[in-house]
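The values are calculated or read from the model by the stated rules, or taken from the named source; none is laboratory data. This structure is a prediction, so every number in the text was calculated from the model and none was measured. We place every Cβ from the backbone using ideal geometry, glycine too, and count neighbours over all the protein chains shown.
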Amino acid sequence: MWSLLALRNFAYKPWRSALLFIGFGLGVAVMIVLLSIGQAMVTQAQDERLVGGGDVTVLPDGIDIEVMKTGGLGGLFFSIANARFVYLQLLGSPRLAAAVRAVAPQSTGKLLYLTTADGVERAVRATGELPSATAAVGAAPPLAAGAWADDDDDRRWGHPTAAELEADIDHFHLPPAGIANPQSWAEWHYFNIVSGDRRHWVFVSFILSGDVRHGRWGGQVLVTTHTAPTAGGAARQRRYVATAAPGDIRFDTTSADLRIGSSSVCLLPDGRYAIRARARDEGGGEPVDVDLIIAPAARAYFPGADIETGDFASGYTVPALKADGTGRVCVGTQCDVYESTQSYHDHNWGTWRGVTWEWGAARAGNYALLFGRVQPPDSLGGSTPLFVYLVDSLGFRAVFRPAAVAYEDGRSIMVDGHRLQVPTTARLADIRGDDTLQVELTVEDAVATDTRKPLIERGATDVARRLVHPYFVQMKGRAHLSGRVGGAVIAGEGTGFFETYR
């Protein structure tokens, strides 16, 4: 009955019926294709040959999953910058411990060139991974014979001690070969510490500068001590300097250790820094003797970033964004004692001819924040990106990209007889999806240095600087943090140090 009815209906309107049949067939075919693609993607995501394969695959923004297969077009150039930081501070961090069972970093099927003992060069495919981590995600290959386990290099990459991590991100560098202005190269350790009552603070820089590869270079230790103004007096700043020739300098491209004359930075086995600095007042007065132990907080570091374009090179890392300092700073026979007070350490390197920067680091309650950007000399017509980097007790929390630091210059100071306007407040703000950030800075003290003089603060000399804005301004004040990250309110206030140019 139903067959006869369908046949007669088809005969009555043959073209309409044929069109319906074709449309229905196309719909079924498309559904089959979509289901097949979905199944293929699920299968591919579970493929151990896929870089990052597992329950969750982490890819750089915008990359096509097809290029991730071994041999895929563009696969040779896939990488994740600061992969160890992603491993330790993001995927394998304590913050995600309840949600992430195991993490396995892998670099699969990379093209390398192997030179044999007889001088023959061969193209090879190489894979790098941590055996224990790969086994933990269930992707360990079957062994035909022997053992496959982590060696000491694997352990150091995946589970470094505090001292190993500091050394890996805080070591010294040689200038890149072939830079146009090797005399503008400078590299330095920078430390600051503030007393518990916030009335005394000290900046200490251990600086190498000049043409290191060709012997035309030297070292400098610079200490500045600051005292907040009293009710009846002004703030006080004193500067102390010591210099050394290459023969009295020792630095290490695998370690943070540094010696400049009788001053030194020594990375201790537990990851703390032993700081000794001896210098003399630049006016020929009393000497200063700095003896401090700087103890970085766990996971509170910035892993580092470097830029190298043409004649410009710049690198920066913060091994101790949040740290406590203990020890003494003596001027003559008068000593200030510091007992587990707020401290900070960073490390800079690069070519500094005509380079300026915005920078700040502060405690804000349970948070520590870092902001900044570097302006190369060829960026006078534009502005490089600004970032705010935020950590808490569990490590990295968020990064924001404000458009600018909005300064309000409401104070004037005298610099070598010149009156200079300097900031009294500043503000940074950003919105990224559902996350928001606002940082308000209140400047309590500001000093400035004319960079056209032979000696300035953070690492460069007069030969390295020809600036449109020649006054380097260092500030101390309060930072107030507010906003929301990951659905939770963030807030805090504390002491910070900030730098800009005028």
Only listed residue being without any contact (Cβ under 8 Å) to a residue 12 or more places away in the chain and either at positive phi or of a type in the set (D, E, K, R) (or both), chosen from Gly354, Gly417, Gly365 = Gly417
The correct count of residues that are touching a residue at least 60 places away in the same chain (Cβ under 8 Å) and either farther than 22 Å from Pro319 by Cα or part of a strand (DSSP E or B) (or both) in region 241-259 is 3
When residues of region 260-276 are limited to those that are of a type in the set (Gly, Ala, Ser) and in contact with a Ser or Thr (Cβ under 8 Å, 6 or more places away or on another chain), the one surrounded by the most Cβ atoms within 10 Å (Cβ to Cβ) = Gly271
Can you tell me how many residues in region 330-344 are in contact with an Asp or Glu (Cβ under 8 Å, 6 or more places away or on another chain) and crowded, with 24+ Cβ neighbours inside 10 Å?
-> 1
Within the group His214, His171, which residue is farther than 19 Å from Arg280 by Cβ and modelled with pLDDT of 95 or more?
-> His171
So which strands (runs of 3 or more DSSP E) stay within region 328-407 end to end and still have 3 or more residues that are over 15 Å from the mean Cα position of the chain (by Cα)?
-> 334-351, 356-364
Single condition Thr326 does not satisfy, out of (1) surrounded by 22 or more Cβ atoms within 10 Å (Cβ to Cβ); (2) at pLDDT 95 or above = (1)
Does region 217-238 hold any residues that are in contact with an Asp or Glu (Cβ under 6 Å, 6 or more places away or on another chain) and either modelled with pLDDT under 90 or farther than 29 Å from Ser264 by Cβ (or both), and which are they?
-> Ala235
Go through the residues of region 147-157 one by one and say whether even a single one is of a type in the set (Phe, Trp, Tyr), surrounded by 14 or more Cβ atoms within 10 Å (Cβ to Cβ) and either under 22 Å from the mean Cα position of the chain (by Cα) or at pLDDT below 95 (or both).
-> yes
Look through Asp150, Asp118 and report the one residue that is touching a residue at least 12 places away in the same chain (Cβ under 8 Å) and charged (D, E, K, R).
-> Asp150
Members of region 273-311 that are at pLDDT 90 or above, hydroxyl-bearing (Ser, Thr, Tyr) and in a strand (DSSP E or B) = Tyr273
Could you tell me which of the residues Ser205, Ser184, Ser195 is touching a helix residue (DSSP H, G or I) at 6+ places or on another chain (Cβ under 8 Å) and hydroxyl-bearing (Ser, Thr, Tyr)?
-> Ser184
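One line per residue, one yes/no per condition, for (1) outside the structural domain of Ala313 (by TED's automatic domain parsing); (2) in contact with a Cys (Cβ under 8 Å, 6 or more places away or on another chain); (3) among the small types (Gly, Ala, Ser):
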residue	(1), (2), (3)
Thr161	yes, no, no
Ala167	yes, no, yes
Gln183	no, no, no
Glu187	no, no, no
Tyr190	no, no, no
Leu208	no, no, no
Could you list all residues from region 475-487 that are farther than 26 Å from Trp201 by Cβ and at pLDDT 95 or above?
-> Gly483, Arg484, Val485
Pick out the one residue from Ala135, Ala167 that is among the small types (Gly, Ala, Ser), without any contact (Cβ under 8 Å) to a residue 12 or more places away in the chain and either closer than 30 Å to Asp257 by Cβ or not in a loop (DSSP other than H, G, I, E, B) (or both).
-> Ala135
